[in-house]
């Protein structure tokens with residue numbers, strides 16, 4: 001992991017040569033509080049002109065053509081959509097929580113505020129994917145579905161794919177109910193290392209980072225980097241829906257071959 005400092009700071013995974021990518025913070029944009037400042041969420045109350053400007057700022061920081069960007073209407077599911085070209089007159093391709101492409105120069109973008117960014121890159125086949133996984137997407141296998149889609153679409157070998165788990169709410173902050181605990185057990189066959197209990201009252205906390213890492217490993221990925229940055233603990237740097245009680249912006253991850 002490395003942090004690229006500047007007027008518009010962002011994070012990158014290590015050793016991903018040949019891929020333009022960045023996970024952006026909340027800094028460097030034009031939005032006012034509570035969306036300050038690099039908010040990229042368009043339907044949460046921020047002024048549309050600010051959101052558009054923030055997207056332009058973000059793409060400019062990476063050298064990405066703003067006219068060659070594809071996103072999805074995120075719905076907390078596990079559908080994966082192939083992106084072959086920009087969609088005429090709109091940014092989003094379909095209701096989905098993952099995108100894949102093998103087209104150089106086509107950028108994929110998704111938005112987050114505690115949910116998990118999952119990025120995947122196959123330098124052998126020249127393919128890339130990006131996903132958005134909250135607790136429901138995580139226990140439904142969003143990360144492994146992303147890998148399976150790349151295998152099917154591009155004949156990738158999972159062992160060639162580099163995967164990364166970006167900033168998300170951490171295991172010491174993500175308190176969940178017993179229905180989530182049951183879903184974790186059903187998905188992984190265990191809660192060890194995935195559910196942490198508060199010794200004082202038994203309250204459950206979910207480790208999204210580790211759950212998505214395990215899901216990637218069982219899909220056959222051998223190289224997974226976990227950034228380990230908690231968005232709720234670092235609400236000074238990232239937007240956090242939980243820490244900011246729902247009134248906040250969205251940060252973005254961008255990938256482009």
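Being on the phi > 0 side of the Ramachandran plot and touching a helix residue (DSSP H, G or I) at 6+ places or on another chain (Cβ under 8 Å), is that true of even one residue in segment 31-39?
no
Between residues in segment 202-220 that are touching a residue at least 60 places away in the same chain (Cβ under 8 Å) and on the phi > 0 side of the Ramachandran plot and residues that are assigned to a helix (DSSP H, G or I) and surrounded by fewer than 18 Cβ atoms within 10 Å (Cβ to Cβ), which pairs lie under 7 Å by C-beta distance while being six or more apart or on different chains?
220/159
May I ask you to list pairs of residues, at least six apart or on different chains, whose Cβ atoms are under 6 Å apart, with the first in segment 222-236 being at negative phi and the second being surrounded by fewer than 15 Cβ atoms within 10 Å (Cβ to Cβ) and not in a loop (DSSP other than H, G, I, E, B)?
Pairs that qualify, where the first residue is at negative phi and the partner is surrounded by fewer than 15 Cβ atoms within 10 Å (Cβ to Cβ) and not in a loop (DSSP other than H, G, I, E, B), are 222/159.
Residue 105 fails exactly one of the following numbered conditions: (1) out of contact with any strand residue (DSSP E or B) (no Cβ under 8 Å at 6 or more places or on another chain); (2) modelled with pLDDT of 95 or more; (3) at positive phi. What is the number of that condition?
With (1) out of contact with any strand residue (DSSP E or B) (no Cβ under 8 Å at 6 or more places or on another chain); (2) modelled with pLDDT of 95 or more; (3) at positive phi applied to residue 105, the lone miss is (1).
Could you run through segment 149-170 and say how many residues are in contact with a helix residue (DSSP H, G or I) (Cβ under 8 Å, 6 or more places away or on another chain) and over 23 Å from residue 124 (Cα atoms)?
3
Whether any residue in segment 44-60 is within 28 Å of residue 142 (Cα to Cα) and touching a helix residue (DSSP H, G or I) at 6+ places or on another chain (Cβ under 7 Å) is what I want to check.
No.
Looking at 146, 108, which is the one that is out of contact with any helix residue (DSSP H, G or I) (no Cβ under 6 Å at 6 or more places or on another chain), buried (at least 22 other Cβ atoms within 10 Å of the Cβ) and under 15 Å from residue 252 (Cα atoms)?
108
Would you pick out the residues in segment 182-191 that are surrounded by 10 or more Cβ atoms within 10 Å (Cβ to Cβ) and free of Cβ contacts under 8 Å to residues at least 24 places away in the same chain?
Scanning segment 182-191 gives 182, 185, 190, 191.
Out of (1) surrounded by fewer than 16 Cβ atoms within 10 Å (Cβ to Cβ); (2) farther than 14 Å from residue 100 by Cα; (3) out of contact with any helix residue (DSSP H, G or I) (no Cβ under 7 Å at 6 or more places or on another chain), what's the single condition that is false for residue 173?
For residue 173, the failing item is (1).
Out of (1) touching a strand residue (DSSP E or B) at 6+ places or on another chain (Cβ under 6 Å); (2) surrounded by fewer than 16 Cβ atoms within 10 Å (Cβ to Cβ), the odd one out for residue 93 is which?
Checking residue 93 against (1) touching a strand residue (DSSP E or B) at 6+ places or on another chain (Cβ under 6 Å); (2) surrounded by fewer than 16 Cβ atoms within 10 Å (Cβ to Cβ), the one that fails is (2).
Looking only at segment 196-211, how many residues end up being over 21 Å from the mean Cα position of the chain (by Cα) and either assigned to a loop (DSSP other than H, G, I, E, B) or closer than 17 Å to residue 137 by Cβ (or both)?
6
Can you find a residue that is under 20 Å from residue 211 (Cβ atoms) and in contact (Cβ under 8 Å) with a residue 60 or more places away in the chain anywhere in segment 62-74?
No, that holds for no residue.
Within segment 20-30, can you find the residues that are in contact with a helix residue (DSSP H, G or I) (Cβ under 7 Å, 6 or more places away or on another chain) and either within 14 Å of residue 7 (Cα to Cα) or crowded, with 18+ Cβ neighbours inside 10 Å (or both)?
Once the filter is applied, which keeps residues that are in contact with a helix residue (DSSP H, G or I) (Cβ under 7 Å, 6 or more places away or on another chain) and either within 14 Å of residue 7 (Cα to Cα) or crowded, with 18+ Cβ neighbours inside 10 Å (or both), segment 20-30 yields 22, 24, 28, 29, 30.
The values are calculated or read from the model by the stated rules, or taken from the named source; none is laboratory data. Predicted model, so just to flag it, every value in this text is computed and none were measured. Positions of Cβ are backbone-derived with ideal geometry, glycine not excepted, and every protein chain shown enters the neighbour counts.
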